[in-house]
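First comes the structure, then the notes that go with it.
The values are calculated or read from the model by the stated rules, or taken from the named source; none is laboratory data. These numbers come from a predicted model, not from an experiment. When we count neighbours, we look across all protein chains shown, and the Cβ atoms used for this are built from the backbone with ideal geometry, even at glycine. In case anyone asks, the SASA skips ligands and DNA or RNA and just uses the protein heavy atoms, side chains included. Shrake-Rupley method; radii C 1.70, N 1.55, O 1.52, S 1.80 Å.
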Amino acid sequence: MGKAGRPSVPAVIKELSGTIRKDRTRGGIEFDRITEVPKPEVWLDVKAKKYFKSVCSLLIRKKLLNEANVPLVLLMAQEFSTYEKACRELQKNNDYINETDKGYQQPSPWIAIRNAAQKNYREIASLFGFDPLSSQRIGPATGGEKDPFDKIQDKYK
């Protein structure tokens, strides 16, 4: 069951809007932010490595990739690759239903593999804001350029 009431606002946003109260903030763990795409693990397949690199570069631009998030991105990339492989296997022989040796029909095991990979991918991707609902919590993607207002503020710091 979910938490009732208004969703909590991150401390960074409260600080920017001037409504932060020290007695209501919780100390979180700070991790070092990663600014370059890390080398993918050797156990990832080729498609997963390619997807890992693209997701990492996207998260770096968004300033969401840190050293604690890399294993999650690895898992997400491998799940996406598994989903893609399962879809290819199902399309290859149009093999959605298998006949057993006794003449019974049963769904292909690739259907269960595809569905599990899709579920796992969606759960991990929602942590990074890759679905419409969770993207509202995280905010719009930031580009490489600084906002002009930030440049003006930097002069007076």
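Candidates 60, 83, 107 compared by Cα position along the dipole of the chain: farthest toward the positive end lies 60, with charges placed on Cβ.
Residue separation of residue 47 and residue 29 scaled by 0.36 nm, minus their Cα-Cα distance, works out to 3.2 nm of gained length. Here the sum of -39500 (n - 2.57) over DSSP H runs of 4 or more residues, divided by the residues of the chain, equals -16500 deg cm²/dmol at 222 nm, to the nearest 500.
Think of a 1.4 Å ball rolled over the protein heavy atoms: segment 9-58 then has 87 Å² of accessible area per residue. Once Rh for segment 24-117 is found with the Kirkwood sum over Cα pairs, what is the Stokes-Einstein diffusion coefficient at 4 °C and 1.567 mPa s, in µm²/s? My calculation gives 82 µm²/s for D. Among 51, 104, 96, which one moves the most in a GNM of the chain with springs linking Cα atoms closer than 10 Å? Of the options given, 104 has the highest mean-square fluctuation.
Using a Förster distance of 35 angstrom, determine the FRET efficiency expected from the C-beta separation of residue 91 and residue 9, and round it to 0.05. Please list the in-between numbers first.
Details: r = 45 Å, r/R0 = 1.28.
With a Förster radius of 35 Å, E is 0.20.
Just order 69-82, 113-126, 30-43 by mean Cβ neighbour count inside 10 Å, highest at the front, would you?
Working: 69-82: 20.0, 113-126: 16.1, 30-43: 11.7.
Ranked by mean Cβ neighbours within 10 Å, highest first: 69-82, 113-126, 30-43.
A full extension of the chain between residue 66 and residue 106 corresponds to an added length of 10.0 nm, given 0.36 nm per residue minus the alpha carbon distance. Taking every Cα-Cα distance in the chain and sorting them into 10 Å bins starting at zero, the pair-distance distribution P(r) comes out as 9, 26, 29, 19, 10, 5, 2, 0 percent. For residue 22, which lysines qualify as cross-link partners when the Cα separation must be under 17 Å and same-chain residues fewer than eight apart are set aside? Reachable lysines: 14.
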